[in-house]
Ligand code: 5GP
């Protein structure tokens, strides 16, 4: 059976990480890709587990040497997915999930049209802002940058294969499971 690549995007603070964590708990045969970033680690984040943390110079080097399947600048930091990491996972026969921004998602779709793009929407912009502030992981200027990115993200989401509104965690996880299970049948 062919293995599939799924891309999950959603505005910062929408809760996509929580939806994914629940999905992965119940579906341990799916592998979550580990991205590279130039952002500083948050408290508790571990290099090689949450991200591969890199300097801007190293990141630019990887761009110049065509190491990324996709990359993007998001809210002042660079993020990217290494080709080698994805190719290795697919060669190992794993279904893989990328949790990346919408710019990167559309780059993946261009290169791998069989990739399935899923966008997680907030119930409202107000709810999103409250969530982003409530998690206390960013300072005010970083929050403002993330809120500015929301409109662009929602516009790009029009080109995604599926959208899920995260107004209820259980329901959102259920919807994600249904979408992925239908897509797996097409493999
Ligand atoms: P955070 O800094 O909150 O961990 O992530 C910020 C944004 O970057 C999120 O929308 C996240 O999905 C996105 N992101 C994480 N890894 C990647 C990646 O490898 N490529 C791209 N394009 N975006 C990423």
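Any read-out appearing in this document is the output of simple, stated calculations on the displayed coordinates, not a laboratory observation. Everything quoted here is computed from the prediction, not taken from an experiment. Neighbour counts are summed over all protein chains in view; Cβ atoms, including those assigned to glycine, are modelled from backbone coordinates with ideal geometry.
A compact table of results
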| item | result |
| --- | --- |
| Fewest-first sequence of 39, 171 by Cβ atoms within 10 Å of each Cβ | 171, 39 |
| Kirkwood Rh and Cα Rg combined as Rg/Rh, the chain | 0.94 |
| Residue-averaged 222 nm ellipticity for the chain, from DSSP H runs of 4+ at -39500 (n - 2.57), nearest 500 | -13500 deg cm²/dmol |
| Cα-based shape type of the stretch 104-176, given that a ≥ b ≥ c are square roots of the gyration tensor eigenvalues and the cut on a/c is 1.5 | oblate |
| In nm, spacing of pseudo-spin labels at residue 158 and residue 77 (7 Å Cα→C-beta vector) | 3.0 |
| Dimensions in Å of the stretch 61-126 - Rg and Dmax from alpha carbons | 13.4, 42 |
| Packing rank of 179-186, 105-112, where each peptide gets the mean count of other beta carbons within 10 Å, highest leading | 105-112, 179-186 |
| Sorted by Cβ density within 10 Å, fewest first, the residues 150, 14 | 150, 14 |
| The stretch 139-187 versus the stretch 43-87: alpha-carbon centroid distance in Å | 21 |
| Distance in nm between pseudo-label sites at residue 186 and residue 170 (7 Å out along the Cβ direction from Cα) | 3.0 |
| Candidates 96, 63, 86: whichever shows maximal mean-square fluctuation once the chain is modelled as a Gaussian network with Cα springs under 10 Å | 63 |
| Within the chain, percent of DSSP bridges classed antiparallel, to nearest 5 | 30 |
| Length-normalised contact order for the stretch 5-185 - Cα pairs under 8 Å, 6+ apart - percent | 33 |
| Relative contact order, percent, the stretch 95-187 [alpha-carbon distance under 8 Å, six or more residues apart] | 37 |
